[in-house]
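Below is one structure, written out as structure tokens; the observations come after it.
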Amino acid sequence: MTNIEELPKLREVIARYRLSARARLGQHFLLDLNLTDRIARIAKPLQDHLVIEVGPGPGGLTRSLLANGAARVIAIERDPRCIAALDGLLEAAEGRLVVIEGDALEVDECALAAEHAPGLPIKIVANLPYNIGTVLLLKWLGIADRLESLTLMFQKEVAERLIAAPGSKAYGRLAVMVQWLCEVRRAFNLPASAFVPPPKVASSVVELVPRPQPLAAAERAALERITAAAFGQRRKMVRSSLKTLGVDVGALLAEAGVEPTARAEDLPVEAFCALARGL
């Protein structure tokens, strides 16, 4: 049986299965195993863990996850060409790899974990398709309490929105929702030249660790309503931008202890949580 280290080079796999990246699927293949190993090391420890990967493509990151000791990897891929290209890796993994053909937006990760790796803590590690990366992250926030960590590749601009602090141009709804539930940091940046084909933008690997408890008490639906209204007109004072909620804005702001003349981009996450509780 072939070991993972003895598998053909990724460029050979791409040529054999004619894996030209498809823009409609947001595909950009990462072929440098030094970089995929670096991503896997950020996600450690992987021993005694289930790792869920989205968009494995030709399997570079999948190889690194297995080589760095992941107890089980579930790779979710919607491109049938890539499913076929993973056959050699599937054999070399000796039962530690499960390949699921499907749309990650529709997959129930907790059900997959219960079926294929019951009892193992779950990590998500992925070079995300650019066109659905943010949507997937928001979906996973809904099961953050079931996840040990998420190590994800995004466009650099998206990564900056995830880690943005109040008062910065990148600070917005995404930062509030993510930082409410997770500690988040940028691990490292990658140039476009690291990918095949090169995207038009640089990329960043971001590590998110779900908090034991949310940063402050709030209901997610209410927090989403508050942030949508506040950042929908981010340059306006909150006494104006929150009028779209159809409530007594003055009373809401007073109860939350938020100045009516403040702007959304200057409010910390805790302030949005206070507003959500009032709502």
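For the chain, the longest principal axis of the alpha carbon atoms and the long axis of helix 269-278 meet at an angle near 60°.
Under a no-solvent Debye model with one identical scatterer per Cα of the range 163-279, what's log10 I(q)/I(0) at q = 0.11, 0.13, 0.17 Å⁻¹? For the requested q values the scattering log ratios are -0.42, -0.55, -0.81.
Beta bridges per DSSP, both residues in the chain: antiparallel share near 45 percent. For the chain, modelled as a GNM whose springs connect Cα atoms under 10 angstrom apart, the maximal fluctuation among Ile76, Ile163, Ile143 occurs at Ile143.
Counting only other residues whose beta carbon sits under 13 Å from that of Leu223, what net charge do I get with K and R as +1, D and E as -1? Every neighbour counted, the sum reads +1. Applied to the range 60-77, the Karplus parametrisation 6.51 cos²θ - 1.76 cosθ + 1.60 on θ = phi - 60° returns per-residue 3J(HN,Hα) values of x, 5, 4, 4, 5, 4, 5, 5, 8, x, 4, 5, 8, 10, 9, 9, 9, 9 Hz, with x for Gly and Pro.
The angle between the Cα long axis of helix 33-42 and the longest principal axis of the Cα atoms of the chain comes to about 50 degrees, rounded to the nearest 10. For the chain, state the average projected area of the convex hull of the C-alpha atoms over all orientations, rounded to one decimal in nm². About 14.7 nm², averaged over all directions.
Bear in mind that the values in this text are calculations on the coordinates, not laboratory data. None of these values were measured; they are calculated from a predicted model. Cβ: placed from backbone, ideal geometry, glycine included. Neighbour counts: every protein chain shown.
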